[in-house]
Amino acid sequence: MDELMSNLISELKRGTLIINVLSQLKTPKYGYSLVEFFEKNGASIEANTLYPLLRRLEKQNILQSSWNTDSAKPRKYYKISAYGEEIYKKLCKEYFEIINSTNNLIMEDNNESD
Amino acid sequence: MNLIEIYINQVIKNLPVAEREEVKKDLNADILNMLPDDYTENDIKKVLSQLGDPEILADEYRDAKRYLIGPKLYDGYLKLLRIVLPIVAVIGAVIFILESVFDSGSINFVDLFAGSLANLVNAAFTAFAAITIIFAVFERNNVASPFKKKQWAVDDLKTSHIIAKPISKGEGIVSIIFSIIFFMILYFSPQLIGWYYTDNGIVMNIPLFNLDVLSRIMPLIILSLLFAVITSTLKIISGYWNIKLAFVNFLNNMFSAIVWIMIFANQNIFNASIFEKLSSVLDISIIRITGLFGIGIKVLIAFIMIGLVADSVSGFRKSVRK
């Protein structure tokens, strides 16, 4: 049950992963800062999922990156591209439609069982 | 080398060469940013265990396909294996048996059994490897499955096999195997078909066919057998009757009818000495023997023709059957 549940939950979360990441990249951020941010905001994402995801999104031209080597630790900052903005808007629209219809379904189900 | 370097190397060794340097740089920065300013080996261990198994992480970085044959091609791959493997395996065994019989003449059954079994397995594995490699190449190059028709549409249901009769695969396989055995005997050792007798303990053999005449019509026989193998293969692949298949089947039968008639129409195809031998053994005059033989051939041809016509008609009937 526990393992099944955690699999189901991670499957559910996977759908919102990209939207979550894109929503935070209006201003440039580096990988670990995003990990920390999401952990504080209850949408935690594993570092070993996020880093490869950022790289993939960059390859797809949704993100753009720049290195900051001023400090002792070099940092790769990611920021959403103009193309990424368009995609993000469309994804948000889809997202709201999906939760609306899912909400309706759940509500109906609740009303029937009452 | 410190732990971080070892870890990163283990991640990137599983990546395409072109990606390695970049991922190395990214990952190194990511790991350093996860560590406190004055970090100890324990801190490193904590961060690395958070990132987890390097192979799994490499998996996330890699977007290339990690399978040989994907779900789109898998069904076609299995289908082809199921058709080709048994055929190739049996052919492998049969070729071995024919070869050893032709070469040595004497037969040791243990050797023959072991040898044909080894050849069977060998042929099956070779075919398996070849098909797998071909499909893996298809997968890498995004070639569509050779068995998959364009885009599925509901209307396909109306014309599809549901209304037609299925074709047994075994029948097709047996037909292919017999065509090949037939070809090998006729082509390589037609003299083996004949009258065998012993003379002072030595096995003698009078070939049934006049080998010169036979070799002249050999191209036609080969064409006909090739046609038969192609038809059987099409039947196996389709699995169900349809009009096109029935038509190919009909053409194939027509062609074999012509070849059969050409083979038997003139008695020159037969070796004259076999008639002499029969005449002396049965104590009947040669003229009666050739006369009886002629009637026998006509009856045989008649039966073959009836069979071919019946098969063609049944093909058409089965393709329109509701």
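Selection of segment B:272-300 for residues being at pLDDT 85 or above and crowded, with 16+ Cβ neighbours inside 10 Å yields only B:I297. Only one entry in B:G239, B:G315, B:G296, B:G291 is on the phi > 0 side of the Ramachandran plot and not charged (D, E, K, R), namely B:G239. If you go through segment B:239-247 one residue at a time, do you hit one that is within 28 Å of B:P190 (Cβ to Cβ) and not aliphatic (A, V, I, L, M)? There is no residue in segment B:239-247 that is within 28 Å of B:P190 (Cβ to Cβ) and not aliphatic (A, V, I, L, M).
Per the conditions (1) closer than 21 Å to B:L186 by Cα; (2) open to solvent by 80 Å² or more (accessible area, probe 1.4 Å), the sole criterion not satisfied by B:I263 is (2).
Wholly within segment A:1-86, which helices (runs of 4 or more DSSP H) include no fewer than the required count, namely at least 3 residues that are surrounded by 13 or more Cβ atoms within 10 Å (Cβ to Cβ) and facing chain B (nearest Cβ under 10 Å)?
Numbers: elements: A:2-23, A:31-40, A:47-59.
The qualifying helices (runs of 4 or more DSSP H) are A:31-40, A:47-59.
Pick from B:I217, B:I206, B:I181: which is open to solvent by less than 70 Å² (accessible area, probe 1.4 Å), touching a residue at least 40 places away in the same chain (Cβ under 8 Å) and part of a strand (DSSP E or B)?
On the way: B:I217 fails: part of a strand (DSSP E or B); B:I181 fails: part of a strand (DSSP E or B).
Result: B:I206 is the single residue among B:I217, B:I206, B:I181 that is open to solvent by less than 70 Å² (accessible area, probe 1.4 Å), touching a residue at least 40 places away in the same chain (Cβ under 8 Å) and part of a strand (DSSP E or B).
Criterion first (open to solvent by less than 40 Å² (accessible area, probe 1.4 Å) and assigned by TED's automatic domain parsing to the domain that holds B:K165) does B:L308 satisfy it? Judged against the criteria, B:L308 is a match.
The values are calculated or read from the model by the stated rules, or taken from the named source; none is laboratory data. The structure displayed is predicted, hence computed values, not measured ones. Glycine gets a Cβ as well: all are built from the backbone with ideal geometry, and neighbour counts include every protein chain shown. Only protein heavy atoms, including side chains, enter the accessible area calculation; ligands, DNA and RNA are left aside. Shrake-Rupley method; radii C 1.70, N 1.55, O 1.52, S 1.80 Å.
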